[in-house]
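FYI, it's all coordinate maths here, none of it is from the lab. The structure displayed is predicted, hence computed values, not measured ones. Cβ placement follows ideal geometry from the backbone for every residue including glycine, while neighbour counts extend to all protein chains displayed.
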Amino acid sequence: MRLPWLTVCLLILVAGCLRQPQADAPASPTPRNPDALDGARAMQLVSNLVALGPRSSGSDGAERAAAFIANELRASGIRVDIDAFQDETPAETLTFRNILGTIPGDPHRWIVLLSHYDTKVGIATNFVGANDSGSSSGLLLALAAVLSPPIAGTPTILLGFLDGEECRHAYAAKDGLHGSIRLASKLTDDGIAPHVRAVILLDMVGDRDLTITIPRNTTPELVVAAFAAAKAAGIRDRFSLFSGSMLDDHVPFLQRGMPAIDLIDFQFGSAPGRNDYWHTPHDTLDKLSSDSLQHMGRVVIHMVNGMATH
Ligand SMILES: [Zn+2]
């Protein structure tokens, strides 16, 4: 069969056009699927963690929680480092453990996802902190499973489960934020801090009546990113700015020059606007919902996807 000369030229042109994107443009990394985050699975992980008992820093319960978290991360195929260190508190010197999971990616772009896992002492002998800090820790473990397959060309993801967020008396130089101060310092010493694009802290994210109240001491670009992610996840109406600043685990990273955001629900209470379950024996599993965990997990995946290529 003979083709007319013009047809042959057109075919060559079309073939050239089709090949062009493959030859010149790098393929965009595949985004992680937000719908893969299963709220029921996250709730199960919260429940399993809470069942280990109170997790105040230096206690047997904290050690059991650290082992549980490390095992769950390893089961997701994630490399785990346990950073055990001693630090002074107003009462005594304690051993703290940060559990760090790394999902490899571009070494020059890092996303740090954080939750503290310790519970506050002095609330009640059996205080297990279902929302503070069970919810964020269980959700971060569920997120780890979804995020764990490395995707070439996307940022390295560091999952940090921090010990010692809670203070004994009042936040001070050696009272509270022990784990976050330690990790922020380590990232600085290791030369990673300049490569950190975002520190995303989750705290009290399981309340049935989800009301995320982002404190003012948060990097503005990350507030924009969080609002966009919340919109994509269908819960933009659940996100607002808090009236003031908060001293939480994101602060040591801000102080070291890293962009950071605190996704916290500081209206955890018996009625809208109240926070009367916080740091009380009412902080129990029945106050949480798998839907809230699922929504928040999807917001985080949208944020991670939004930072995948730039
Ligand atoms: Zn607390």
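Remarks
- Just one of the listed residues (Gly176, Gly160) is in contact with a Cys (Cβ under 9 Å, 6 or more places away or on another chain), buried (at least 19 other Cβ atoms within 10 Å of the Cβ) and not basic (Lys, Arg), and it is Gly176.
- Just one of the listed residues (Asp87, Asp132) is among the charged types (D, E, K, R), more than 16 Å from the ligand (Cβ to nearest atom) and at negative phi, namely Asp87.
- Within the stretch 64-86, tally of residues that are buried (at least 17 other Cβ atoms within 10 Å of the Cβ), free of Cβ contacts under 8 Å to residues at least 40 places away in the same chain and touching a strand residue (DSSP E or B) at 6+ places or on another chain (Cβ under 9 Å): 2
- Test: residue in the stretch 181-202 that is within 16 Å of the ligand (Cβ to nearest atom), under 24 Å from Gly269 (Cβ atoms) and either out of contact with any Gly (no Cβ under 8 Å at 6 or more places or on another chain) or assigned to a strand (DSSP E or B) (or both): yes
- Of the numbered criteria (1) away from the ligand (no atom under 16 Å from the Cβ); (2) under 22 Å from Thr95 (Cα atoms); (3) hydrophobic (A, V, I, L, M, F, W, C), the one Ala170 fails is (1).
- Conditions (1) within 16 Å of the ligand (Cβ to nearest atom); (2) among the basic types (Lys, Arg); (3) over 27 Å from Asp265 (Cβ atoms); number of the one not met by Arg79: (1)
- Candidates Thr95, Thr89, filtered to the one that is surrounded by fewer than 17 Cβ atoms within 10 Å (Cβ to Cβ), in contact with a Gly (Cβ under 9 Å, 6 or more places away or on another chain) and farther than 23 Å from Ala40 by Cα: Thr95
- Conditions (1) surrounded by 19 or more Cβ atoms within 10 Å (Cβ to Cβ); (2) over 19 Å from Leu52 (Cβ atoms); (3) among the hydrophobic types (A, V, I, L, M, F, W, C); (4) away from the ligand (no atom under 13 Å from the Cβ); number of the one not met by Ala144: (2)
- Note on the stretch 83-174: enclosed strands (runs of 3 or more DSSP E) holding 2 or more residues that are more than 14 Å from the chain's Cα centre (by Cα) are 93-103, 106-116.
- Identity of the residue in the stretch 298-310, under 14 Å from the mean Cα position of the chain (by Cα) and of a type outside the set (A, V, I, L, M, F, W, C), that ends up nearest to the ligand (Cβ to nearest atom): Arg298
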